[in-house]
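One structure is given here, and the rest of the page talks about it.
Values in this text are rule-based calculations from the coordinates and carry no lab data. Just so it is clear, the model here is predicted, and its values are computed rather than measured. All Cβ positions, even for glycine, are placed from backbone atoms using ideal geometry, and neighbour counts span all protein chains on display.
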């Protein structure tokens, strides 16, 4: 076997476009997913019982089925109910729902790791539930779970390779495209795999810096 | 197109589920063996060995499983060896599983306090005996829950073998959909199939974790 | 010939020189208490004696054999030196009896029956014969520490090193552990202790070694040294701890 990477050069533009699609959809899903998780975890810990059960069911369903099946269900299955989505919309929804399910569990663990004394201290100081949440719980909980949460975002980015299967023009789709044109399958997939690796490493560094900056201080260094 | 009754769909999916189960079992068993070897290697006194194992883990944890499948499939084919989707999926999933299990197990070994190593050492146990009699038995106890938990990831990972054409549950669902155009029903059933495999394992992992926390260190 | 001989021992952690040339010799049957502020190097000295820390330069001889990592396996070393830790370090997945039996069986290849008989004897010696089948977590700190002593004794070491073995105990449990040590001393066991128990050092110990800034600052007969410290540093230390 001889490897010939020069055959990839004519496809630089496609690769860059694919990279952009992967990055953009990951960023969007991360922001939406974590925002959704923050809301879900609040309702899960403070909401009425039926609501809690619904949220838990959603989490278990998402966590115990493969992402690719979730994606197919949303993209192929929902139009049968009259909901027609563009491929990228279906992909974004699937990624968001997936990340939200995992992040809710991670956040819950973070909140439950806050010592009881913190809640009691807030209460005797006269803080309302919402104020306690906002001023006492949120930041320490974030610090507790920051590594797990950011790791989950990276997992979602890597998992997004699957959205090529519903023809979103992401990095993996570009790899398939190149392979179908020049038949240098292995080189195309190897290069794209390394791009993913660089993305994962880059995201981790970025999260580390961001954690330093936002969560800062003594605990920030412990990250 | 109307030849397919609901029962036909379910029956075909159930049959395909056997392949999902088989692939999961092989990936988990093979990945467990390779992962155990890697865990021991990662405890080696030689820094370069440890670094090599860490790099292996980084490679598999930092790239998409789908790409790993493609590389196994087309990489081996590029060597001139004819490879079936089944073999490629097995190779990729075993390696993928081994990297994650090694990472989990290494974390469990690291969770054993350094005092245990020292106590064994002053009692005259060498490195391997310390591992065998003192560290690994304790690490094993805390490793069970996350290991069972990870088996869920393996089962879900096998769904990606559908992309390189291995006819397991997801692939069969796609093929049935092409024949019947009932995507909502079919993918709901496919999802249900995975859920039935995964959810009990998730519950069991959670139960084990809770029991471990209650039982303390013994 | 001394049982333990330390000559010009040096040890650094990075740029921090913790032991700056230690000379020490200890005879068989002596009970030596090493005292000093935290950071004075006393624990490091103790840990060098059984190679939990390797020294940078200097010589350590135990029973006439030079300690160095390449020739002394843990198994060989365990015939000479036993150690008890501040935090007990019992194996939580093994019963009390199994804790004591492990090394004789695994390292010495003793049969289970012999190891069990020996373990019962050593547990009796520390007053815990009835705890043979208990789990470590079911015992109080003082009991755990006595099991740790029995575990060390089961290998018949010539020297027993004790690294602040009462520091993690509730005050009311300290006495039980010290009584065991006192009994060992009366049986002629060589003991080297890093300790804060000045009363024990004075009443049971033969010799006190005061360490200060990585050196042996002052040493001598236990009673004399503690009642008439010669250097201002030791005077200050004694008035601070008493």
Notebook entry, point to check: For region A:1-51, what is the per residue volume of the convex hull drawn over the alpha-carbon atoms, in cubic angstrom?
Noted result: 117
Next item on the list: Quick one: angle between helix A:12-46 and the longest Cα principal axis of chain A, in degrees between 0 and 90, rounded to 10, please.
Entry: 20
Next item on the list: Restricting things to alpha carbons, tell me how big region C:4-241 is in terms of Rg and Dmax, in Å.
Entry: 17.8, 56
Notebook entry, point to check: Tell me, what is the percent relative contact order of chain B, built from C-alpha pairs under 8 Å that lie six or more residues apart?
Noted result: 29
Checklist line | Pair-distance profile P(r), taking every C-alpha pair of region C:109-242, with 5 angstrom steps and integer % | finding: 2, 9, 18, 20, 17, 13, 9, 6, 4, 2, 1, 0
Next item on the list: For residue A:135 paired with residue A:49, estimate the spin-label separation in nm (one decimal), with each label point 7 Å from Cα along the Cα-to-Cβ line.
Entry: 3.4
Next item on the list: Under 13 Å from a label point 7 Å along Cα→Cβ of residue B:212: give me every residue in region B:135-162 with its amide N that close.
Entry: B:137-151
Check: Once label points are set 7 Å from the Cα along Cα→Cβ at both residue B:11 and residue C:183, what is their separation, rounded to one decimal in nm?
Finding: 7.8
Item checked: Separation in nanometres of the label points that stand 7 Å from Cα toward Cβ, at residue A:84 and residue C:38 -> 7.2
Check: With springs only between Cα atoms under 10 Å, which of C:228, C:197, C:53 fluctuates most in a Gaussian network model of chain C?
Finding: C:228
Margin query: Cut-off 10 angstrom, C-alpha nodes, Gaussian network model of chain B. Which of B:151, B:202, B:84 fluctuates the most?
Written below: B:84
Checklist line | Radius of gyration and Dmax over the Cα atoms of region B:6-215, both given in Å | finding: 20.2, 70
Next item on the list: Set the Förster radius R0 to 60 Å, insert the Cβ-Cβ distance between residue C:203 and residue B:110 as r into 1/(1 + (r/R0)^6), and round the FRET efficiency to 0.05.
Entry: 0.90
Next item on the list: Kindly state, to the nearest 0.05, the FRET efficiency for residue A:114 paired with residue B:4, given R0 = 51 Å and r defined as their beta-carbon distance.
Entry: 0.45
Margin query: Can you divide the C-alpha Rg of region A:13-169 by 2.2 N^0.38 Å and report the result to two decimal places?
Written below: 1.19
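Work out the FRET efficiency for residue B:51 and residue C:1 from their Cβ-Cβ distance, taking R0 = 51 Å, and round it to the nearest 0.05.
0.65
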Next item on the list: Would you please state the base-10 log of I(q)/I(0) at q = 0.06, 0.08, 0.11 1/Å for the protein assembly as shown, with intensities from the Debye formula using one equal scatterer on every alpha carbon?
Entry: -0.50, -0.79, -1.13
Note to self: Quick check: the angle from helix B:169-180's long axis to the longest principal axis of chain B, C-alpha only, nearest 10 degrees?
What the structure shows: 10
Checklist line | Candidates A:14, A:120, A:112, ranked by Gaussian network fluctuation over chain A, Cα under 10 Å, top entry | finding: A:120
Next item on the list: On a 0 to 90° scale, report how tilted helix C:96-106 is relative to the longest principal axis of chain C, with both axes built from alpha carbons and the result rounded to the nearest 10.
Entry: 80
